[in-house]
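Structure, as structure tokens:
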Amino acid sequence: MLLSLLRVTRPPLLVGVIVGVACVTAETFLTFLLERVAPSNALNVVYLVGVLVVSYLWGLPLGMLTAVASGFVYDYFLVVPRHAVTVFSGWSWMPLLIFLVVGLLVSAAAALMRTLLMEAEERRGEADLEAATARLLLRAEHLRAALPVVARRLAQGLGLPFLAVELGAAGAGDPDKIALPLSDDDVRLGTLVAPADLPAPVLRRLRERVVPSLEAVLAAACDREAIGNALAASRDELERVADEQAALRRVATLVARGVRPAEIFGAVAREMGLIVNADHTAVERYEPDRTVALMSFWSASDGGPGPPIGSHRPLRGDSLSALILRTGQPARMAAAEGTAEGAAGELDTWVRDDKVVSAIASPIVVEARLWGVMIAFFRGLDPQPEGIEERIRDFTELVATAVSNAQARDELAASRARVVAASDETRHRIERDLHDGAQQRLVSLGLQLRMAESAVPPELPKLREQLSRTAEGLTQVLEDLRELSRGIHPAILSKGGLAPALKMLARRSSVPVDLRVRLDGRLPERVEVAVYYIVSESLTNVAKHAHASLVCVEVDAVGEAARVAIRDDGKGGADPRGGSGLIGLLDRVQALGGTIEVTSPAGQGTTLTAVIPVSSG
């Protein structure tokens, strides 16, 4: 109730006079009633209530006037002789004087209490306003956008026509406005702009109360915004680094898996384009004839099919690719540099994108040799940030690793192929020499011994017997030599093909063989030899180690690859890493671009699966 009275505007003076008269009248009637139970000289206290009310609501002057009027009424009606003013006769003026002094004190106390309460209410309102201002500024995502709202709240709370809060210096040069600086440790934060015709108390209130609190809140809000911006920048940087590392890991995984270089080039062009926000990216390879070959191309827009991979274009002296070839260092080019076409000239033979205005390139160095270049093209007019060359260089290093690995794999495959071819040729030559040389001579010697045996006279039975045993031994040696010859390189494989050769292996196996062969004509000789030795080595291992009762051999060579599957029901537990036989088969299959896999769980038999591309033969 008291706070509601404080917020009400002070009533008019005439109303105060009427209220004072009414209070004196009511208090007089009350004293008549109280006179029966209390001495009359003590009833003057009743008149202090009206003095207190009038002083509180209308101020000290009207309160003092009410006190004087109450004193004379009290003297006229209650002081003996009654119905006469005795203040100027005898000593009756002493109670009236005391009443007036007490009334003055009560009136002053009431006015002071109202002033203090009004000041407290004003301070409370200012505190609420400061709290609301602090909430607005400290919770705002963008400080500049929150300042107009804060200014309106301040103007409404202070009862001013307008206020403005601006960052930096403002309001200078306008005679209708006054600019109050907002600073923090001599650092200018902003300006509070107010009307120039404010009363002096209001302006002093702004300077002494509003400005200091607003400075503190604005400084905290500026610090919060700076911290938020720093955190946002750090978060963006961490996200960028995380995205870049994830892209590098994806490409590195492809490199580690040994996928085709063309697939790696495409992945690198795409990942790098997304990381650096490029509009186009390209991977080029330098050719000995002063041209560059397009190895991969990526575009952020769906502008139709891209340029053909593998296309060549000549090196121009003012192009970015030519600059990289000359310097071997990362470089940039804008549309205003070099020729009129500038960076867009790099794409003139591939895509017609006249909006490209800049490009950044990094060399691809493979084993200390400049292999190619990676280029990122941009349409935006804003300059690209520093350090983007380093980000591109991370991808070029992966490209270099992929190229180096591909070259090493090609060299290893070629070396394996040469070793296998030389081994097969040596085997074939030894088999041919044994068949055409030693076997023929042994056959001739055997025939000569049989002729000599038939020419021995009957009277020499021991000689005939010795010649017969010698001929039989020679025949056994010939059979052993033929067996050795078949193991080195079976003649039936060269003459009859893979199916008869595999049937011969199945018949000679000590373990029953379920053979199923599907062939689409003759295979390349190297493929046939590889399949033959896979089956031969597997049957030998089954006979020696598996303790199996049956071997299933399936050969399917219909299509682009020859597939071999060999399964037994033996004890399993075979270690593919043990023994030189499987290692030799692995080298032979990988030399032909194929794969071989051995699965041998303990107690569940062994399965060998090999796939050999027919075109590689």
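The values are calculated or read from the model by the stated rules, or taken from the named source; none is laboratory data. Quantities reported herein were computed from a predicted structural model and do not represent experimental measurements. Virtual Cβ from ideal backbone geometry, glycine too; neighbours counted across all protein chains shown.
Side notes on the structure shown:
- In region 357-387, the residues that are of a type in the set (A, V, I, L, M) and either without any contact (Cβ under 8 Å) to a residue 12 or more places away in the chain or buried (at least 22 other Cβ atoms within 10 Å of the Cβ) (or both): Ala359, Ile360, Ala361, Ile364, Ala368, Val373, Met374, Ile375, Ala376
- You will find that of Ala232, Ala293, the residue that is at pLDDT 80 or above and part of a strand (DSSP E or B) is Ala293 and no other.
- The test for being closer than 22 Å to Leu137 by Cβ, within 30 Å of the chain's Cα centre (by Cα) and not acidic (Asp, Glu) does not hold for Leu182.
- Scanning region 365-401 for residues that are β-branched (Val, Ile, Thr) and not in a strand (DSSP E or B) yields a total of 5.
- Any hit, region 225-246, residues being touching a residue at least 40 places away in the same chain (Cβ under 8 Å) and aliphatic (A, V, I, L, M): no
- Residue satisfying condition, being of a type outside the set (Lys, Arg), farther than 30 Å from Gly190 by Cα and touching an Asp or Glu at 6+ places or on another chain (Cβ under 6 Å), within set Ala252, Ala282, Ala246, Ala300: Ala300
- Per-region count, region 125-140, residues farther than 11 Å from Ala221 by Cβ and modelled with pLDDT of 75 or more: 2
- Test: residue in region 205-219 that is surrounded by fewer than 11 Cβ atoms within 10 Å (Cβ to Cβ), assigned to a helix (DSSP H, G or I) and either touching a residue at least 60 places away in the same chain (Cβ under 8 Å) or of a type in the set (D, E, K, R) (or both): yes
- In summary, helices (runs of 4 or more DSSP H) completely within region 476-589 and bearing 2 or more residues that are assigned by TED's automatic domain parsing to the domain that holds Thr609 and at pLDDT 85 or above occur at 498-508, 525-541.
- So Leu57, is it modelled with pLDDT of 75 or more, assigned to a helix (DSSP H, G or I) and within 30 Å of Gly159 (Cβ to Cβ): yes
- Test for Arg326: is it assigned to a strand (DSSP E or B), in the same structural domain as Val276 (by TED's automatic domain parsing) and either modelled with pLDDT of 75 or more or surrounded by fewer than 19 Cβ atoms within 10 Å (Cβ to Cβ) (or both): no
- Answer from Ala151, Ala127, Ala179, Ala120 - the residue that is outside any helix (DSSP H, G or I), closer than 21 Å to Arg204 by Cβ and out of contact with any Phe, Trp or Tyr (no Cβ under 7 Å at 6 or more places or on another chain): Ala179
- Yes/no for Thr401 being at pLDDT below 75, within 18 Å of Ala269 (Cβ to Cβ) and surrounded by fewer than 18 Cβ atoms within 10 Å (Cβ to Cβ): no
- Residue selected from region 247-282 under the condition of a type in the set (D, E, K, R) and assigned to a loop (DSSP other than H, G, I, E, B), by the criterion surrounded by the fewest Cβ atoms within 10 Å (Cβ to Cβ): Arg260
- Of everything in region 162-204 that is without any contact (Cβ under 8 Å) to a residue 40 or more places away in the chain and closer than 19 Å to Ala127 by Cα, the residue that is surrounded by the most Cβ atoms within 10 Å (Cβ to Cβ) is Leu192.
- Qualifying residue in region 255-264 (condition: of a type in the set (Asp, Glu) and not assigned by TED's automatic domain parsing to the domain that holds Gly372): no
- Flag if Leu189 is outside any helix (DSSP H, G or I), touching a Cys at 6+ places or on another chain (Cβ under 8 Å) and either under 19 Å from Leu163 (Cα atoms) or not acidic (Asp, Glu) (or both): yes
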